[in-house]
Amino acid sequence: MLDVSDDVMGVITQQIEARFDMRLSELRRAVTAAPQANGEATAIVHWHGLLAESQKALERAEDALVGILESQPGELDDPEMEAAHRVNAAVTARDGRAMVVTYLLDADAPGKRAPGPWLGASPAVRRGPALQTSQPTHAVAPAAPARRGSR
């Protein structure tokens with residue numbers, strides 16, 4: 001049986017190794033020795049570690065669910081449903097962390113790159129301000145005299 005989770009971890013690990021042109025174990029050692037040297041590498045190694053922890057938690061949750069299902073075939077009751085929900089939560093956590101790592105690896109991801117001169121000015125610069133930025137001119141009207149004794 002093909003383990004898809006190992007495939008995901010393997011692919012992401014290969015992407016990290018290709019990006020930094022070194023094995024992940026070497027990158028971890030470099031980041032541990034000098035975490036401020038490359039903030040991007042530090043973030044990627046950190047999130048890859050969290051991803052690996054999530055993967056292990058998912059495998060434990062799946063093993064527990066399989067054990068329950070093998071020992072108690074039939075309709076699922078509350079404990080089995082809780083185990084299934086734990087698997088779903090573990091998948092969600094693992095997938096979210098995998099998305100963070102892939103985002104960190106993608107240099108062209110939205111929000112990671114400023115528009116260059118080849119794109120021209122940003123739409124905000126071309127349009128100008130949304131609100132008037134200069135003081136409005138008001139005609140100064142003479143003040144009305146105050147009334148006295150009208151109480």
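Summary of values
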{"quantity": "Label-point separation in nm, Met81 to Thr13, each point 7 Å along Cα→Cβ", "calculated": "3.8 nm"}
{"quantity": "Efficiency of FRET between Ala52 and Asp108 - r from beta-carbon atoms, R0 30 angstrom, step 0.05", "calculated": "0.75"}
{"quantity": "Calculated FRET value between Ala37 and Gln72, using beta carbons and R₀ = 35 Å, to 0.05", "calculated": "0.10"}
{"quantity": "Segment Thr92-Arg23, length gained on full extension (0.36 nm per residue, minus Cα span)", "calculated": "22.1 nm"}
{"quantity": "J(HN,Hα) series, segment 76-81, from Karplus relation 6.51 cos²θ - 1.76 cosθ + 1.60, nearest Hz, glycine and proline x", "calculated": "7, 9, 4, x, 5, 5"}
{"quantity": "Residue-by-residue Karplus 3J(HN,Hα) for segment 63-69, coefficients 6.51, -1.76, 1.60, Hz, glycine and proline x", "calculated": "4, 5, 5, 4, x, 5, 5"}
{"quantity": "³J(HN,Hα) computed for each position of segment 17-27 - Karplus, 6.51 cos²θ - 1.76 cosθ + 1.60, integer Hz, glycine/proline x", "calculated": "5, 5, 4, 9, 6, 7, 5, 4, 4, 5, 5"}
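Quick note: the coordinates plus some simple rules give every number you see, no bench work behind them. Because the structure is a prediction, the values reported are computed rather than measured. Note that we place each Cβ from the backbone using ideal geometry, even for glycine, and neighbour counts take in every protein chain shown.
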